[in-house]
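Every number here is computed from the coordinates shown, using simple stated rules; none is lab data. Please read all numbers here as calculations on a predicted model, not as lab measurements. Note that we place each Cβ from the backbone using ideal geometry, even for glycine, and neighbour counts take in every protein chain shown.
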Amino acid sequence: MANILFLGTCSGTEPIEGMHHSSMVIEINGLYYWFDAGENCSRTASEMGVNLLKVKSIFISHTHMDHVGGLGNLLWNIRKLTRLGKGLPPENKIPVFIPNMDSWNGIMSVLKNSEGNFVCDFEVVAEQPSDAMIYEDENIKVYGVHNGHLPVTAYGEYLSYSYIIEAEGKKIVYSGDLGSLSDLEEIVKDGCDILICETGHHKVDDVCCFSERKQIPILLFTHNGREIINDRQNAEKRLLESHCQAHICYDRMIFDISKNCIAESRE
């Protein structure tokens, strides 16, 4: 079984009813691979039946609040479950790939100033992604590709990444936030099976045109911005004209990777 669980599909807006900030999980063989961690993501996941003690790894695209606002709480909830004797994460370790170590140190400062100094029975290992394969296990391979959403630091460090995911024999691209659609040219290159693309900074029609040119069969919109929030019905009508299978994702939506279709929502 392989699914993509969309925990939050909103861009960095003010609170909007029925939408939370960006977060999704790839579920494979009972293990979970986390991509971005917007507000409330761990609670939503738990309500959808996700066992937080089966989180295998976490990948953050960049450290804006709408992508990391729930990261500390996610790690805290995992720790809480271990303290209640519910078990331990796989291999007693959770790797966290996060581009900005200053932000990571801030999150850890908050956690360590809370109950128990965040002493854990498992290891949390943070490292910066790079333009290479950064993770591999029995289910998945993940490659980092920097993009232009944020400027490069004075030390030449990239602060914003997209991720290429190989799982179930498919190539899945998670855009994160992009500087421009030209970033996708380098990320997608010769195409992919599923493109998960943000619309917080880009137009629906432009992303559809890109996908058609690259002959991408499945397009999933997340990190949705005002164009969709203000007139979702019109945006969905325009998707009917697309030559690819295109969906505007919504919170708690589940996409079945194996069957290439939306599965029943899991409440």
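Miscellaneous remarks
- Computed label-point distance, nm, for sites S242 and D256 using a 7 Å Cα→Cβ extension: 2.1 nm
- Under-5 Å amide H pairs with A263, H placed in peptide plane, nonlocal only: I254, F255, D256
- Debye log10 I(q)/I(0) at q = 0.14, 0.17, 0.21, 0.32 Å⁻¹ for the stretch 100-139, Cα point scatterers: -0.47, -0.64, -0.81, -1.12
- Beta bridges per DSSP with both ends in the stretch 1-138, % antiparallel, nearest 5: 50 percent
- Pair V119, N230: separation of 7 Å Cα→Cβ label points (nm): 5.4 nm
- Cα-based Rg and Dmax for the chain, where Dmax is the largest Cα-Cα distance (Å): 17.6, 55
- C209, C10 arranged by Cβ crowding within 10 Å, fewest neighbours leading: C209, C10
- The calculated FRET efficiency for the pair L181 and D137, based on their C-beta separation and a Förster distance of 30 Å, comes to about 0.45.
- DSSP bridge pairs, the chain: antiparallel proportion in percent, nearest 5: 60 percent
- Most to least packed among 69-75, 81-87, 257-263 [average Cβ atoms within 10 Å]: 69-75, 257-263, 81-87
- Each Lys and Arg adds +1 at its Cβ and each Asp and Glu adds -1 at its Cβ; summed about the Cα centre, the chain shows a dipole of about 580 debye.
- Pairs from the table (K56/K171; K56/K80; K203/K237; K171/K203; K141/K171) lying more than 21 angstrom apart at Cα are K171/K203.
- C-alpha long axis of helix 71-83 to longest principal axis of the chain, angle in °: 40 degrees
- Estimated from helical segments only, the mean residue ellipticity of the chain at 222 nm is -6500 deg cm²/dmol, where each DSSP H run of four or more residues counts as -39500 (n - 2.57).
- Evaluated with a Cβ-only charge set (Lys, Arg +1; Asp, Glu -1), the stretch 109-228 carries a dipole of roughly 340 debye about its Cα centre, given to the nearest 20.
- For the chain, with +1 on Lys and Arg beta carbons and -1 on Asp and Glu, the positive-most of G85, P15, L150 along the dipole: G85
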